[in-house]
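Working notes, beginning with the structure itself.
The values are calculated or read from the model by the stated rules, or taken from the named source; none is laboratory data. Please read all numbers here as calculations on a predicted model, not as lab measurements. Positions of Cβ are backbone-derived with ideal geometry, glycine not excepted, and every protein chain shown enters the neighbour counts.
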Amino acid sequence: MPSPIRCPIRPEESGWLAQAARQAKQRRLAAGDCLFRQGDRAQAIFRVEQGRLRLVRHLADGSAVTLHVARAGDGLAEAALFASQYHCDAVAEIDSSVAVIARAPLLAALHGDAESSLAFAADLSRQVRNLRWQLELRNIRSARERLLVWLRLQANPDGVVTLDRPWTVIAPELGLSHEAVYRALARLTAERRLRRKKDRVQLI
């Protein structure tokens, strides 16, 4: 049996990041636009104001791995503060807007403000915990069990999961092909473990 997995931690609204974003330039992205590419010079971090962006790392064998999906209120590419290059692509899944927070002045501000530095460290800590959760989820070998655990973690108290993106987009986040996800959904439906209706899943 897979080990228990704790619920992922959603990033909280960060006062320091929201304040920095208010003073930053805004950039709009259409669905499919790339905010930055793997290997580009790291000059800024970002805050998603509207929409949704996917972080994708390209591997040496030609494959790609989804690292994170950032939504409104989330920070993006914070590691760029301490790196010379971006280590992945950031692609808008839907029409989006981001605040572009220049790296150099933000670093200077963090050096001079202990409270903001601690808030930044807390955000990074939440990201590390979420990444550990994703790795633990991917250690579940059965596609059916992996999907079921993911649904349980996403569900509201009534056992309802409201999807904000299609299964073809969710599948790579789970480390599965979309065919494997659809087969798992069909099996769980046949077992009466869930009911599906458009963008909603009801766990039974």
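Please indicate, with yes or no, whether at least one residue in the stretch 160-170 is in contact with a strand residue (DSSP E or B) (Cβ under 7 Å, 6 or more places away or on another chain), in a helix (DSSP H, G or I) and over 25 Å from residue 32 (Cα atoms).
no
When you look at residue 55, is it of a type outside the set (Gly, Ala, Ser), assigned by TED's automatic domain parsing to the domain that holds residue 127, modelled with pLDDT of 90 or more and under 11 Å from the mean Cα position of the chain (by Cα), yes or no?
Taking the combined requirement at face value, the residue satisfies it.
For the stretch 137-158, which positions are assigned to a helix (DSSP H, G or I) and in contact (Cβ under 8 Å) with a residue 60 or more places away in the chain?
Of everything in the stretch 137-158, those that are assigned to a helix (DSSP H, G or I) and in contact (Cβ under 8 Å) with a residue 60 or more places away in the chain turn out to be 137, 145, 149, 153.
For the stretch 14-56: of the residues being assigned to a loop (DSSP other than H, G, I, E, B) and aliphatic (A, V, I, L, M), which is surrounded by the fewest Cβ atoms within 10 Å (Cβ to Cβ)?
The qualifying residue surrounded by the fewest Cβ atoms within 10 Å (Cβ to Cβ) is 30.
Looking only at the stretch 79-90, filter to residues that are under 17 Å from the mean Cα position of the chain (by Cα) and either β-branched (Val, Ile, Thr) or surrounded by fewer than 17 Cβ atoms within 10 Å (Cβ to Cβ) (or both); which one of those is modelled with the highest pLDDT?
87
Go through the stretch 72-101 and report how many residues are in a loop (DSSP other than H, G, I, E, B) and of a type outside the set (D, E, K, R).
Applying the first criterion (in a loop (DSSP other than H, G, I, E, B)) to the stretch 72-101 yields 72-74, 77, 83-84, 86-88, 93-95.
This time we only want the ones that are of a type outside the set (D, E, K, R), so: 72-73, 77, 83-84, 86-88, 94.
Residues in the stretch 72-101 being in a loop (DSSP other than H, G, I, E, B) and of a type outside the set (D, E, K, R): 9 in total.
Would you mention how many residues in the stretch 57-71 are hydrophobic (A, V, I, L, M, F, W, C) and assigned to a loop (DSSP other than H, G, I, E, B)?
Number of matching residues: 2.
With respect to residue 114, determine if the residue is surrounded by 19 or more Cβ atoms within 10 Å (Cβ to Cβ), at pLDDT below 90 and either closer than 26 Å to residue 165 by Cβ or not charged (D, E, K, R) (or both).
When the stated conditions are applied, residue 114 does not pass them.
Kindly establish whether residue 110 is of a type outside the set (Ser, Thr, Tyr), part of a helix (DSSP H, G or I) and not assigned by TED's automatic domain parsing to the domain that holds residue 194.
Yes; evaluated as a whole, the condition is true for this residue.
Out of 176, 185, report the one residue that is surrounded by 14 or more Cβ atoms within 10 Å (Cβ to Cβ), part of a helix (DSSP H, G or I) and in contact (Cβ under 8 Å) with a residue 24 or more places away in the chain. Even if it seems obvious, please write down each step before you answer.
On the way: 176 fails: part of a helix (DSSP H, G or I).
After ruling out the rest, the residue left standing is 185.
Name the single residue that is farthest from residue 137 (Cα to Cα) among those in the stretch 147-204 being at pLDDT below 90 and of a type in the set (Asp, Glu).
199
Do any residues in the stretch 124-136 that are at positive phi have Cβ atoms under 8 Å from those of residues that are in a helix (DSSP H, G or I), where the two are at least six apart or on different chains, and which pairs are they?
Pairs that qualify, where the first residue is at positive phi and the partner is in a helix (DSSP H, G or I): there are none.
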